[in-house]
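Working notes, beginning with the structure itself.
The values are calculated or read from the model by the stated rules, or taken from the named source; none is laboratory data. Everything quoted here is computed from the prediction, not taken from an experiment. Note: ideal-geometry Cβ built from the backbone for every residue, glycine included; neighbour counts use all protein chains shown. The area values use the complete protein model at the heavy-atom level, side chains included, leaving out ligands, DNA and RNA. Shrake-Rupley method; radii C 1.70, N 1.55, O 1.52, S 1.80 Å.
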Amino acid sequence: KEEIFSNTIFSNLGGCITIMEISKDENYLLCGTKEGFLLSYKINKGELNKGKLELRHNLFLHSEPIVSISINDTLYMFATSSKDGYIMIHILPTFNLVRSIHIPSLFKDESEFLYADNVFLSSSPLPCITIFIAKKKLFKTFTINGHFIQDIKEEEVVNSIKSPIVFSSFDFQDYLI
């Protein structure tokens, strides 16, 4: 992975990088920017261009900085969340939009503007998306189609989640740590 990041080609393509995520198979590198762009790079693994990044997409997805990206290789999907209050779910590698979720509309009685600080895509036991809202210390889970599943309120003081781990157990269920 260090070889990949040594090839700096991020300038002038969408602004300052706020978040980066690499797929487990190391075929894609997704970068979110301060201006709301998503930069998608294909990672070349052939002997001739080993470790070189090839820009595939430069998409304007959000109107505010992208704060979280989650890639799920099993679902061939990725999700982004931004300070604009939207979560966007797309298909890899076509980048077709599957679903858009607006966080503030989930809290109609709330006067404070909310956004998802972290977003996680899971493939089992059913494909779903889990978001974390730091201001509320709240996890919310939805199906990929946007239907609400469950809330989990965190009692501890949590400002954000820096290094989440999603792992699959022997009974093929995903767990978020």
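Table for the structure above
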quantity: Given Lys42/Lys135; Lys42/Lys136; Lys34/Lys137; Lys52/Lys137; Lys24/Lys108, the pairs whose alpha carbons are separated by over 28 Å; calculated: Lys42/Lys135; Lys42/Lys136; Lys52/Lys137; Lys24/Lys108
quantity: Carbon + sulfur, % of accessible area of the range 38-131 - ligands and nucleic acids excluded, 1.4 Å; calculated: 51 percent
quantity: The range 42-137, dipole about Cα centre (Lys/Arg Cβ +1, Asp/Glu Cβ -1), debye to the nearest 20; calculated: 260 debye
quantity: Euclidean distance of C-alpha centroids, the range 93-108 and the range 38-82, integer Å; calculated: 18 Å
quantity: Distance in nm between pseudo-label sites at Glu54 and Cys16 (7 Å out along the Cβ direction from Cα); calculated: 3.2 nm
quantity: Dipole moment magnitude, nearest 20 debye, the range 43-85 about Cα centre, only Lys, Arg, Asp, Glu C-beta charged; calculated: 160 debye
quantity: Average accessible area per residue (Å²) across the range 37-83 - probe 1.4 Å, nucleic acids and ligands excluded; calculated: 49 Å²
